[in-house]
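Participant: Before anything else, here's the structure in question.
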Amino acid sequence: MARTVAVPLAPGVWRIPTVGRAMVNSYAFVDDDGSVTLVDCGARRAPARIVRGLAAIGKTPADVTRIVLTHAHADHAGGAAELARRTGAPVAAHRADMPYAESGRVPPQGGGNTVGRFLTRLAGGRFPAVAVARPLADGDVLPVGGGLRVVHTPGHSPGHVSLLHEPTRVLVTGDALFNVAGVRWPVRSFCTDFQMTQRTAHVLGELDYDVAAFTHGPELTDRAREQVRAFLRRLG
Ligand SMILES: [Zn+2]
């Protein structure tokens, strides 16, 4: 079966998987002038697949004018240095994750648990460092096709952000929530502070959107907000 290269979510909004059909996802937002904002860059080897995804929507790296990182983990920021080089686009990330993106070291992990922290350190967690030209803060609205709102949802990492594209009503949750065999929390041992992850995700139930797009797992397009709210409510 042909590989999934790009999945349309709304006019000008595409999901580009970098692992499997939806195991790890990047996103492309195409502006009226044809320029592309790329959200997340996958792991170190993902850029080739992202470039194929861009080609499938009629774009090349030269069309990318902005790169936004949801957080500085190797499976999202690992390909950023190469894509920044190939596109010439500035990289934006929340200021609390900047030191990690710029050193190529993931933030502390383990969800507050020493064993988890030890195991994740064994698993690596280094990636090619990338300069962050545009530090982000909660509430920033990037001029992406009418407005891409930065929603700080720390916990998974200190500077983790979700992104709400207001004109198309697409929410990119980032790793604040997974949709792997159902909506669920991200893996605890990969979080800097799991309890904070759970606390800050509640803001995702209060935003307005029709499509919930995840960096791990396929999108929800049917009553997305209600499904996210139902999940968050279960947890109290
Ligand atoms: Zn992740």
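The values are calculated or read from the model by the stated rules, or taken from the named source; none is laboratory data. Given the structure is predicted, the values throughout are model-derived calculations rather than measurements. Reconstructed Cβ throughout: ideal geometry from the backbone, glycine too, with neighbour counts over all protein chains shown. Surface areas here come from the heavy atoms of the whole protein model, side chains and all, with no ligands, DNA or RNA. Shrake-Rupley method; radii C 1.70, N 1.55, O 1.52, S 1.80 Å.
Participant: Just to check, using Stokes-Einstein with a Kirkwood Rh over alpha carbon pairs, what's the diffusion coefficient of the stretch 7-233 at 4 °C and 1.567 mPa s in µm²/s?
Facilitator: Answer, rounded: 76 µm²/s.
Participant: Using 1/(1 + (r/R0)^6) with R0 = 25 angstrom and r between the beta carbons of residue 184 and residue 85, what's the FRET efficiency to the nearest 0.05?
Facilitator: My answer for the efficiency is 0.10.
Participant: Still on this structure, I have one more. Mind ranking 78-86, 125-133, 35-43, 95-103 by how tightly packed they are, going by the mean number of other C-beta atoms within 10 angstrom, highest first?
Facilitator: By packing density, highest mean first, the sequence is 35-43, 78-86, 95-103, 125-133.
Participant: Next question, about the same structure. Using alpha carbon centroids, what distance separates the stretch 136-174 and the stretch 176-236, in Å?
Facilitator: Here the two parts' Cα centres lie 14 Å apart.
Participant: Roughly speaking, to the nearest percent, how much of the chain's 1.4 Å accessible area is carbon and sulfur?
Facilitator: 53
Participant: Residue separation times 0.36 nm, minus the C-alpha to C-alpha distance between residue 23 and residue 5: what's the value?
Facilitator: Roughly 5.2 nm would be gained on extension.
Participant: FRET efficiency for residue 31 and residue 229, Cβ-Cβ distance as r, R0 = 45 Å, nearest 0.05?
Facilitator: 0.90
Participant: Tell me the Kirkwood hydrodynamic radius of the stretch 29-110 in angstroms, computed as one over the mean inverse distance between distinct C-alpha pairs.
Facilitator: 12.8
Participant: Grab the DSSP H runs of the chain that are 4 residues or longer, score each as -39,500 (n - 2.57), total them, divide by all residues and round the 222 nm result to the nearest 500 deg cm²/dmol.
Facilitator: -6000 deg cm²/dmol
Participant: For the ranges 9-22, 169-182, 218-231, what's the packing order if you count other beta-carbon atoms within 10 Å of each residue, average per peptide, and put the highest first?
Facilitator: Answer by packing, highest mean first, reads 169-182, 9-22, 218-231.
Participant: Something else about it: If the viscosity is 1.567 mPa s and the temperature 4 °C, what translational diffusion coefficient in µm²/s does Stokes-Einstein give for the stretch 123-192 when Rh comes from Kirkwood over Cα pairs?
Facilitator: So the translational diffusion coefficient is about 94 µm²/s.
Participant: Separate question: Between residue 68 and residues 5 or more places away or on another chain, which pairs have amide H atoms under 5 Å apart, with H built 1.01 Å from N, and which residues are they?
Facilitator: 38, 39, 40, 92
Participant: In square angstrom, what is the accessible area per residue of the chain with a 1.4 angstrom probe?
Facilitator: Heavy-atom accessible area per residue stands at 43 Å².
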